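The values are calculated or read from the model by the stated rules, or taken from the named source; none is laboratory data. Please read all numbers here as calculations on a predicted model, not as lab measurements. A quick note on method: Cβ atoms are made from the backbone with ideal geometry, for glycine too, and the neighbour counts reach across all protein chains shown. Please note that ligands, DNA and RNA were not included when accessible areas were found on the heavy atoms of the full protein model with its side chains. Shrake-Rupley method; radii C 1.70, N 1.55, O 1.52, S 1.80 Å.
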Amino acid sequence: MPKRRKRDFIIRGFSKLLKEDKLKIVAELMDNQLEAVDLMKSFWHSDQSKQKIFDEFSENTISNFYIPYGVAPNVVVNDTNYLVPMTIEESSVVAAASSSARFWSEHGGFKAKVIDTEKVGQVHFQWKGDKKKLHEVFDQMKHQFRRATTSITANMESRGGGITEFYLIDKFTEIPDYYQIKIVFDTVDSMGANFINSCLEEFALTLKDFFQTHPIFEDEERDCTIIMSILSNYTPRCLAEVYVECPYEELDGLDNELTGEEFARKFELAVKVAEIDVYRATTHNKGIFNGIDAVAIATGNDFRAIEAAGHAYASKDGKYSSLTEVELKDGRFKYTLRIPLAMGTVGGLTSLHPLAKYSLEMLGNPSARELMMIAAALGLANNFAAVRSLVTKGIQIGHMKMHLMNILNHFNTTEDEKAKAVDYFIGHKVSFSTVERFIKNLRKEA
Ligand code: MEV
């Protein structure tokens, strides 16, 4: 049994210990300490300089956690055929994306565009004073904000980005004396989190100073409380749109029992359920993020930020709903995904993580806009594959087929046993118990 520690057992200075010593402390929690240390070390990179990169990404790194890195071929976006890197542990996601991408590659491909790439930051503050005066001098304040950040923005401006606009917003009805300055940024090909946050902290200092020194304010108006300065991960105007489209007849054959038109109508119904029911909408959207997160991780992007924005956007009309929509018109099936995707192709992990760099090269070193469209296409590909299975043969046949290897590995099967199992389960239903029975019988016979 693992040894749990009492709450009063505080480890001091853990982060300053050597990696080996941290590992020993962690191993004390395990039954077999030597085995635990060996296991953790077995996942260290054999090249020390590479391991150092991973050690330095984060604090208290004691090992690496492997997740498969796969590729989905034939992802045709705006007539360009991409081989898309995907990092994901769920067995069926790459297979689903690949089969969907293959199907659409023969039916016009994914048509994508970027609607906008706006990023947003906020300085939140409380101030007791004459609101009219604040609005009167806001232009001067903006000017000072820009001046205070010239050294930070110079590089971004030379790449075509920078600060786009400032808005003064008051929210007194919700919190007394509460204002925010909302700042819009263009961060070009970078995700831009550090750039935005550095600017915002500078704006906060400038704001305080502005109240202190501007002659328009009375003495009792000179103090303001900066609550916080931080970018917003809600990026409803950093938006990509992607769709697939074909006549009903081209959907013939996607199911043995449904005609193309019947399939399209059942598919539409399933998406309508996701539009009105939050339980289904959450799972429906999760299927979209299967593809998007996998691309985000493989390219060193912040998938938590992307997920947060996507789910908030799914609630933009006051009720959480599907991120996709179906249109059936004039004998054609059209399926669209619109999703905020704050992605970058320069800076951050994109150039530091050796595989993220490689992923971007595999995609032809795309701009952020291009990557947004590719990721959106993968989101739609995975979602299409999931809904297609759900309204036809069900999800478990494909899922359990892909999961078969995991179950076989659980029973420590040999290569020979695996080959026999794969053969047998082509015609039989995969479940944990059917695989267990098969392996037991095989071993009994042997
Ligand atoms: C599983 O990872 C994702 C699905 O549940 C998505 C969906 O239900 O649409 C298959």
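Take LYS113, project a point 7 Å from its Cα along the Cβ direction, then tell me which residues of region 376-396 have their backbone nitrogen under 19 Å from it.
376-378, 380, by backbone N distance to the label point.
By how many degrees, 0 to 90 and rounded to 10, does the Cα axis of helix 33-42 deviate from the longest principal axis of the chain?
80 degrees
Which entries in LYS113/LYS182; LYS334/LYS393; LYS266/LYS316; LYS286/LYS329; LYS111/LYS316; LYS272/LYS357 show an alpha-carbon gap greater than 29 Å? The partial results should precede the final answer.
Numbers: LYS113/LYS182 26 Å; LYS334/LYS393 22 Å; LYS266/LYS316 26 Å; LYS286/LYS329 27 Å; LYS111/LYS316 24 Å; LYS272/LYS357 39 Å.
In this structure, LYS272/LYS357 exceed 29 Å between Cα atoms.
Using a cut-off of under 14 Å, list every residue of region 268-286 whose amide N is near the label point 7 Å from the Cα of TYR320 along the Cα-to-beta-carbon line.
Residues 274-286 fall inside that zone.
Of all accessible surface on the chain at a 1.4 Å probe, what whole percent is carbon and sulfur? Can you show the working numbers first?
Numbers: 12730 of 23920 Å².
Exposed carbon and sulfur together represent 53 percent of the surface.
I'd like the accessible area for PHE432, computed on protein heavy atoms only with a 1.4 Å probe and all protein chains in place. Round to 10 Å², please.
My reading of the accessible area for PHE432 is about 100 Å².
What does the C-alpha gyration tensor say about the overall shape of region 37-123? Classify as rounded when a/c is under 1.5, otherwise prolate if a/b is larger than b/c, or oblate. Mind dumping the intermediate values first?
Values: a/c = 3.15, a/b = 1.60, b/c = 1.97.
The shape class here is oblate.
Please list, in order along region 168-182, the HN-Hα scalar couplings obtained from phi with the Karplus expression 6.51 cos²θ - 1.76 cosθ + 1.60 (θ = phi - 60°), rounded to whole Hz, x for Gly and Pro.
For region 168-182, the Karplus-derived couplings read 9, 10, 10, 10, 4, 5, 9, 9, x, 6, 8, 10, 9, 9, 9 Hz, x marking Gly and Pro.
Can you show me the helix-derived [θ] at 222 nm for the chain, built from DSSP H runs with n ≥ 4 at -39,500 (n - 2.57) apiece and divided by the number of residues, rounded to the nearest 500.
So the helix-based figure for the chain works out to -15000 deg cm²/dmol.
For region 83-151, state the average projected area of the convex hull of the C-alpha atoms over all orientations, rounded to one decimal in nm².
Values: hull surface 42.2 nm².
The Cα convex hull of region 83-151, projected and averaged over all directions, gives 10.5 nm².
Pull out the extension gain between ARG222 and LYS272, defined as 0.36 nm times the separation in residues minus the alpha carbon to alpha carbon distance; nm, one decimal.
Values: separation 50, 0.36 × 50 = 18.00 nm, distance 5.43 nm.
Stretched fully, the ARG222-LYS272 segment lengthens by 12.6 nm.
Could you give P(r) for region 400-445, binned at 10 Å from zero, as whole percent values over all Cα-Cα pairs?
29, 66, 5
Whose amide H sits under 5 Å from the amide H of ILE88, counting only residues 5 or more places off or on another chain, with H placed in the peptide plane?
Under 5 Å from the amide H of ILE88 lie the amide H atoms of GLY70, each far enough along the sequence or on another chain.
Quick one: compute a quarter of the convex hull surface over the Cα atoms of region 318-388 and quote it in nm². Write down the numbers at each step before the final one.
Details: hull surface 28.5 nm².
Average of the hull's projected areas for region 318-388 equals 7.1 nm².
Per 0.36 nm of contour for each residue apart, how much would the distance between LEU83 and ASN406 grow if the chain were fully extended, relative to their Cα-Cα spacing? Can you show the working numbers first?
Working: separation 323, 0.36 × 323 = 116.28 nm, distance 2.54 nm.
That pair, LEU83 and ASN406, stretches by 113.7 nm at full extension.
Enumerate the amide H contacts of PHE110 below 5 Å, restricted to partners 5 or more residues apart or on another chain; note that Pro and chain-start residues carry no placed amide H.
Hits under the 5 Å cutoff: VAL76, VAL77, ASN78, ASP79.
For ASN256 paired with GLU56, estimate the spin-label separation in nm (one decimal), with each label point 7 Å from Cα along the Cα-to-Cβ line.
Modelled inter-label distance: 5.8 nm.
Step through the residues of region 358-372 one at a time and calculate ³J(HN,Hα) from phi using the Karplus curve (6.51 cos²θ - 1.76 cosθ + 1.60, θ = phi - 60°), rounding each to whole Hz and writing x for Gly and Pro.
Going residue by residue, I get 5, 4, 5, 5, 4, 8, x, 6, x, 6, 4, 4, 5, 5, 4 Hz, with x marking Gly and Pro.
Convex hull over the alpha-carbon atoms of region 85-223: what's its volume per residue in Å³? If you can, show how the numbers build up before the last one.
Values: hull volume 25.6 nm³, N = 139.
Here the figure is 184 Å³ per residue.
Let's test the formula: R0 of 41 Å, r as the Cβ-Cβ distance of GLN140 and SER351. What FRET efficiency results, to the nearest 0.05? If you can, show how the numbers build up before the last one.
Details: r = 39 Å, r/R0 = 0.95.
The computed FRET efficiency comes out at 0.60.
Starting from the eigenvalues of the Cα gyration tensor, five times each then square-rooted, give me the equivalent ellipsoid semi-axes of region 11-169, largest first, whole Å.
Details: eigenvalues 389, 238, 48 Å².
Its equivalent ellipsoid spans semi-axes of 44, 34, 15 Å.
Apply the Karplus parameterisation 6.51 cos²θ - 1.76 cosθ + 1.60, with θ equal to phi minus 60°, to every residue of region 233-247 and state each ³J(HN,Hα) to the nearest whole Hz, in sequence, with x for glycine and proline.
For region 233-247, the Karplus curve yields 7, 7, 10, x, 10, 10, 10, 10, 10, 9, 9, 10, 7, 6, x Hz.
Any number yet on Rg/Rh for the chain, C-alpha, Kirkwood?
Working: Rg = 26.8 Å, Rh = 25.6 Å.
The Rg/Rh ratio comes out at 1.05.
What spacing in nm lies between the two simple spin-label points modelled at ARG159 and PHE43, each 7 Å away from Cα in the Cβ direction?
Label-label distance for ARG159 and PHE43, simple model: 3.2 nm.
Could you tell me which of rounded, prolate or oblate describes region 1-66, using a ≥ b ≥ c as the square roots of the eigenvalues of the alpha-carbon gyration tensor, with rounded for a/c under 1.5 and, failing that, prolate when a/b is larger than b/c and oblate otherwise? Mind dumping the intermediate values first?
On the way: a/c = 2.66, a/b = 1.44, b/c = 1.85.
It is oblate, given that a/c is not under 1.5 and a/b is not larger than b/c.
Quick check for you: with a 1.4 Å probe and neighbouring chains kept, what is the accessible area per residue of the chain, in Å²? It would help to have the intermediate numbers written out before the result.
Numbers: 23920 Å² over 446 residues.
Per residue, the chain has 54 Å² of solvent-accessible surface.
Which residues make up the longest stretch of the chain that has no trypsin sites (Lys or Arg not before Pro) in a DSSP loop with at most 11 other Cβ atoms within 10 Å? Walk me through the numbers before you get to the answer.
Working: sites that count: LYS3, ARG4, ARG5, LYS6, ARG7, ARG12, LYS128, LYS319, LYS429.
Value returned for the longest uninterrupted segment is 129-318.
From largest to smallest, what semi-axes in whole angstrom does region 170-262 give when each is the square root of 5 times an eigenvalue of its alpha carbon gyration tensor? Don't jump to the answer; show the numbers that get you there.
On the way: eigenvalues 554, 56, 19 Å².
Working through the eigenvalues yields semi-axes of 53, 17, 10 Å.
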